[in-house]
1. Obtain the nm distance between the two label points defined at residue 139 and residue 204 by a simple spin-label model: each point lies 7 Å from its Cα along the Cα-to-C-beta direction.
2. Largest first, please: the extent of the C-alpha atoms of the stretch 75-227 along each principal axis, to the nearest Å.
3. Using the structure shown, select from 155/181; 41/204; 6/50; 197/219; 155/212; 58/80 the pairs with a Cα to Cα distance greater than 22 angstrom.
4. Take the chain, connect every pair of alpha-carbon atoms lying under 10 Å apart with a spring to form a Gaussian network, then pick out the residue of 44, 97, 76 with the largest mean-square fluctuation.
5. Report the gain in length on full extension from residue 115 to residue 195: 0.36 nm times residue separation, minus Cα-Cα distance, nm rounded to one decimal.
6. For the stretch 79-150 and the stretch 29-78, write down the distance between their C-alpha centroids in whole Å.
7. For the chain, report the accessible area per residue in Å² (1.4 Å probe, heavy atoms, rounded to an integer).
8. Counting only protein heavy atoms, what percent of the accessible surface of the chain is carbon or sulfur at a 1.4 Å probe?
Amino acid sequence: MISVDKVTKIYDNGSVAINNVSLNIRKGEFVFVIGSSGSGKSTFMKMLLKEVEPTEGKIVIDGININNIKRKEIPFLRRKIGVVFQDFRLLPSKTVFENIAFALQVTETSPKAIRRNVPAILAMVGLTHKAKAYPNELSGGEQQRVALARAIINKPPILLADEPTGNLDPETAWEIMELLKEINARGTTVVIATHAKDIVDEMKKRVITLQKGIILSDKEGGYNYED
Ligand code: ADP
C-alpha cells in the first residue's frame, strides 16, 4: 500500500530530515511512527502527502509512483489518504454536519448521497446528537471524532494521523485510539505519528522508530521502552 524506497530529504538549509529510509506498509496494517522531536516524523508524513518532495528515492502509494505525478493530479493522491492532525483543523463557521459534508462536496458527491452518508459516519463516531453543533461547542475529543469522520468519509484506503491525541487527556486519547482501531478493522491502512508512549506500548502494533532521520527499529507487536 505504501512503499518507501531509499528516500532522503535534505531541506534547503542543509538539514537532513530523512536519511536513506526504506520501508513497506501493507494494506490493512496499523503502524505507529515514533521518535523524539526532530527525528523526521513530520517530514516522513508530509512526503506521503506530497507536501514535501524527497531529495532522493521513490515513494509508491496504492500503486502510484508519487514522484512522477503532476501537480494537477495531486488531488487524486489526496483522495487516497485521509488525514487528521493534533489541532483538529475543523472549519469554525460550519456545523459538524457541514464540516463532514464539505469533504464530500469537494469530491462532487450528490446531495442525496451526502444526506445519506454524513448521518451514517456520525453514528459511527458516536456524534449523531452533535450534528448541528459548531466546533467551538465541542470538547477536544469530540472535535477529533469529527475530524476522523471527515477524513474517512470518502473511504480513502489510507489514514494518516499526525499526533492525533496530542491535545487530549489520557481517557479521551484512548477513545480516539479505539476509533482508529475500528477504522483499521474496517480495512483502512492506518499510520500514526505520535509521542504517546503508553498508548504505543499498550496497542501492540507495528512500531517504526525514527532517530535523526534513520529507522532505529521496526518492530511488530509493540515497543518496550525498557529494551
Ligand atoms: P519531527 O516531526 O520528528 O519533529 P521533522 O520532520 O519536523 O521531525 O524535522 C526533522 C528535521 O528536519 C529537523 O532537524 C528539523 O529541524 C528539520 N526541518 C523540518 N522542517 C524543515 C524545513 N521546512 N526547513 C528546514 N529544516 C526543516
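1. The two pseudo-label positions are separated by 2.8 nm.
2. Reported extents, whole Å, longest axis first: 52, 33, 26.
3. Exceeds cut-off: 155/212.
4. Of 44, 97, 76, the Gaussian network model singles out 76 as fluctuating most.
5. Working: separation 80, 0.36 × 80 = 28.80 nm, distance 3.72 nm.
Difference between extended and current length: 25.1 nm.
6. Spelled out, the Cα-based centre of one part sits 24 Å from the other.
7. 50
8. Of the solvent-accessible surface of the chain, carbon and sulfur hold 48 percent.
The values are calculated or read from the model by the stated rules, or taken from the named source; none is laboratory data. Given the structure is predicted, the values throughout are model-derived calculations rather than measurements. Every residue, glycine among them, receives a Cβ derived from its backbone with ideal geometry; neighbour counts consider all protein chains shown. Keep in mind that these areas ignore ligands, DNA and RNA; they rest on the heavy atoms of the full protein, side chains included. Shrake-Rupley method; radii C 1.70, N 1.55, O 1.52, S 1.80 Å.
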